[in-house]
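All remarks here apply to the structure that follows.
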Amino acid sequence: MTKQEMHAQYGPKIVCPLPGSKAKAAVAADERLISPSYTRSYPLVAKRGRGVRVEDVDGNQFLDFAAGIAVVSTGHCHPRVVDAIQKQAAELIHISSTDFYDEHITDLAEKLSAVAPMRGPHKYFYGNSGAEAVECALKLARYHTGRQHVIAFLGAFHGRTMGALSLTGSKPQQKRRFAPLVPGVTHVRYPYAYRGCTGGPQEEEAFALGCARYIEEKLFKTVLPPEEVAAIFVEPIQGEGGYVVAPTNFLRELRAICDRHGILLVADEVQSGCGRTGKWWAIEHAGVEPDIVCIAKGIASGMPLGVCMAKAEIMDWVPGSHASTFGGNPVSIAAALATMDIIETEAMENAARVGGLMLERLSGWTKTHAMVGDVRGRGLMIGVELVKDKTTREPATAVRNRVEALAFERGLMVLGCGETSLRLCPPLILKEEEATVALDILEEALTLAEKEAGSAV
Ligand SMILES: Cc1ncc(COP(=O)(O)O)c(C=O)c1O
């Protein structure tokens, strides 16, 4: 198949200058009626989605490499997910597991336990979002340990409700004018700057280890008594913070520190979980067993569902301690059961394979593109960091934003993350040809943005 044929068959179809007239009207209504706190990068007004494609209100078709922020893991409107939702909606939409029993939530719990990243038995709490899964983990960690303090990382994103926001350490705007937040959170360095090291893998490893050891060797010996720390919250791959992969030795050292001091290790897998990295959970790549796992985004292909999975002995609170009216509603659970089947049987292996091919091609851009400072990721969770200068690694945020806009004009939806990175998190059922076409478009957008910035190689 020629490149032209491949683009014709698998590529986007833009039928009018963007935004089209219907999209313009929708954006105007949104500006009038909707909270201005949302951060839109470009005027995409979605009407329908199928697989990796999204069609907008004017009939333009896009390749979706954002997947509703890493949510539609099985693609838009996967027929088996749609079927499960329709059947369940006709049977029972809501009962509230807070007050009544419901076998759907135990079905999903059994299924999750079969793929859990830590030994069982496990217990589960259901909410509606990532933030709710994190809130649960925070409350549970305090409740179970009787300790007040928690540790989180700079660059971390754990959500926007007050508890989750207190753990978040990503962007000042997320916290500006919302203080006082939940007290007792100490943020420490995530091994991110190691990417700027010039000493190669050994120096990188030493830096990563240093980030973990700082907790025990500095914090615990100065301001934070370890016996008052309930939990360490960590994203095995930072999401909003820039798609930064935590090195294996860093995660293992966190586990060791937790073990030495009776602290719980909480893996926030809201973005990195559910097969996105080619394994069920990103922390599995490091061979580390957490005590609590926060799950949301990819678990139900777009239906709202948050899950807090814990070792059974940790989830020891009593009736009335915590609950959520809608959490684990039967329709979301039906979508999750179908989603897990699809991930298991086809999507996860595909994510590892197609993601590997993408990473290989993208890694070459660090040599062929003046502004690509780093490419990193696992499976279909890939970050491309743009810099003004590869030695100083000065962020090129405006150029990153420009690449997003140029890609959109060409029919490719991508999102930014961190200060200066692009994130690629397409549905896990992505075909090799779709990946090739998307990277062709992204490279065209990148080349143009680099030229505009005067940095072409
Ligand atoms: C790692 C992580 N944790 C928590 C959240 C919060 O999830 P939600 O937006 O569903 O509340 C997010 C959302 O992006 C996330 O990426």
**Report entry** Dipole moment magnitude, nearest 20 debye, the stretch 102-328 about Cα centre, only Lys, Arg, Asp, Glu C-beta charged
**Finding:** 680 debye
Report summary line: Rounded to the nearest 5, the percent of DSSP beta bridges in the chain running antiparallel is 70 percent
Report task. Work out, step by step, the length gained on full extension between Ser37 and Ala312: first 0.36 nm times the residue separation, then minus their alpha carbon distance; give nm to one decimal. Result -> 95.2 nm
Query raised in the report: In the stretch 102-328, what percentage of the DSSP-assigned beta bridges are antiparallel, given to the nearest 5?
Result: 45 percent
Query raised in the report: Along the principal axes of its C-alpha atoms, what lengths does the stretch 245-326 span, in descending order and rounded to whole Å?
Result: 40, 31, 15
Query raised in the report: Using the 10 angstrom Cβ neighbour count as an exposure proxy, how do Tyr126, Tyr214, Tyr190 rank, fewest first?
Result: Tyr214, Tyr190, Tyr126
Requested in this report: Pop out the ³J(HN,Hα) list for the stretch 82-87 in order, Karplus 6.51 cos²θ - 1.76 cosθ + 1.60 with θ = phi - 60°, rounded to Hz; leave Gly and Pro as x.
Outcome: 4, 4, 4, 5, 4, 5
Requested in this report: Find out how many positive minus negative residues lie around Arg119, taking Lys and Arg as positive, Asp and Glu as negative, among other residues whose Cβ is under 10 Å from that of Arg119.
Outcome: 0
Report summary line: Burial-style ranking of 319-329, 253-263, average other-beta-carbon count within 10 Å with highest first, yields 253-263, 319-329
Report summary line: So Glu432 and Asp30, fully extended at 0.36 nm per residue minus their Cα-Cα distance, gain in nm 141.1 nm
**Report entry** Extension gain from Lys175 to Cys77, taking 0.36 nm per residue of separation minus the Cα-Cα distance
**Finding:** 31.8 nm
Report summary line: Least to most buried among Thr366, Thr222, by other C-beta atoms within 10 Å and fewest first, runs Thr222, Thr366
Query raised in the report: In nm, to one decimal, how far is the Ala453 label point from the Lys22 one, both placed 7 Å along Cα→Cβ?
Result: 3.5 nm
**Report entry** Percent RCO, i.e. relative contact order, over the chain, from Cα pairs under 8 Å lying at least 6 residues apart
**Finding:** 22 percent
Report summary line: So for the chain, using the alpha carbon gyration tensor with a ≥ b ≥ c as root eigenvalues (a/c under 1.5 gives rounded; past that, a/b versus b/c decides prolate or oblate), I'd call it oblate
**Report entry** Calculated [θ] (222 nm, deg cm²/dmol) that DSSP helices of n ≥ 4 give over the chain, each run adding -39,500 (n - 2.57)
**Finding:** -11500 deg cm²/dmol
Query raised in the report: Translational D (Stokes-Einstein, µm²/s) of the stretch 102-328 at 20 °C and 1.002 mPa s when Rh comes from the Kirkwood sum over C-alpha pairs?
Result: 122 µm²/s
**Report entry** Distance between modelled label sites at Lys221 and Lys87, nm, 7 Å Cα→Cβ extension
**Finding:** 6.0 nm
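A short reminder: the numbers here are calculations on the coordinates, not readings from a lab. All figures in this text were calculated on a predicted structure; none of them were measured in a lab. When we count neighbours, we look across all protein chains shown, and the Cβ atoms used for this are built from the backbone with ideal geometry, even at glycine.
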